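Undergrad: If you scroll down you'll find the structure; I have some questions about it.
Every number here is computed from the coordinates shown, using simple stated rules; none is lab data. Given the structure is predicted, the values throughout are model-derived calculations rather than measurements. Backbone-built Cβ (ideal geometry, glycine too); neighbour counts: all protein chains shown.
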Amino acid sequence: MKTNLNYLFIDQIINFSHLVTSDQQTKAQFLETIKRNYCLSNAKTKLFYIACEKSIFETIKLSDNKESILFNS
């Protein structure tokens, strides 16, 4: 499983980290979570959404201790 995160995604994930849960989400599910919770007409949200699309990962979730975000785990 390859992971390659877009720089803007890395920079902005802190602002959207509350959308990451302990339950593993696929990239498609995470993108849907963003769309459900934010308006994509907002420039900052749209840029984050695009950066997420451009990032290469299959899954995303919080670590068990909730201190870090795990990709493809």
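Undergrad: When only residues in segment 1-48 that are hydroxyl-bearing (Ser, Thr, Tyr) and part of a loop (DSSP other than H, G, I, E, B) count, which is surrounded by the fewest Cβ atoms within 10 Å (Cβ to Cβ)?
TA: Ser41
Undergrad: Also: Looking at (1) in contact with a Cys (Cβ under 7 Å, 6 or more places away or on another chain); (2) at positive phi, which is the only condition Thr45 fails?
TA: (2)
Undergrad: Scan segment 49-73 for residues that are hydroxyl-bearing (Ser, Thr, Tyr) and in a helix (DSSP H, G or I) and jot them down.
TA: Matches in segment 49-73: Tyr49 only.
Undergrad: Sticking with this one: State whether the residues of segment 8-24 include one that is among the hydroxyl-bearing types (Ser, Thr, Tyr), at negative phi and in contact with a Cys (Cβ under 7 Å, 6 or more places away or on another chain).
TA: no
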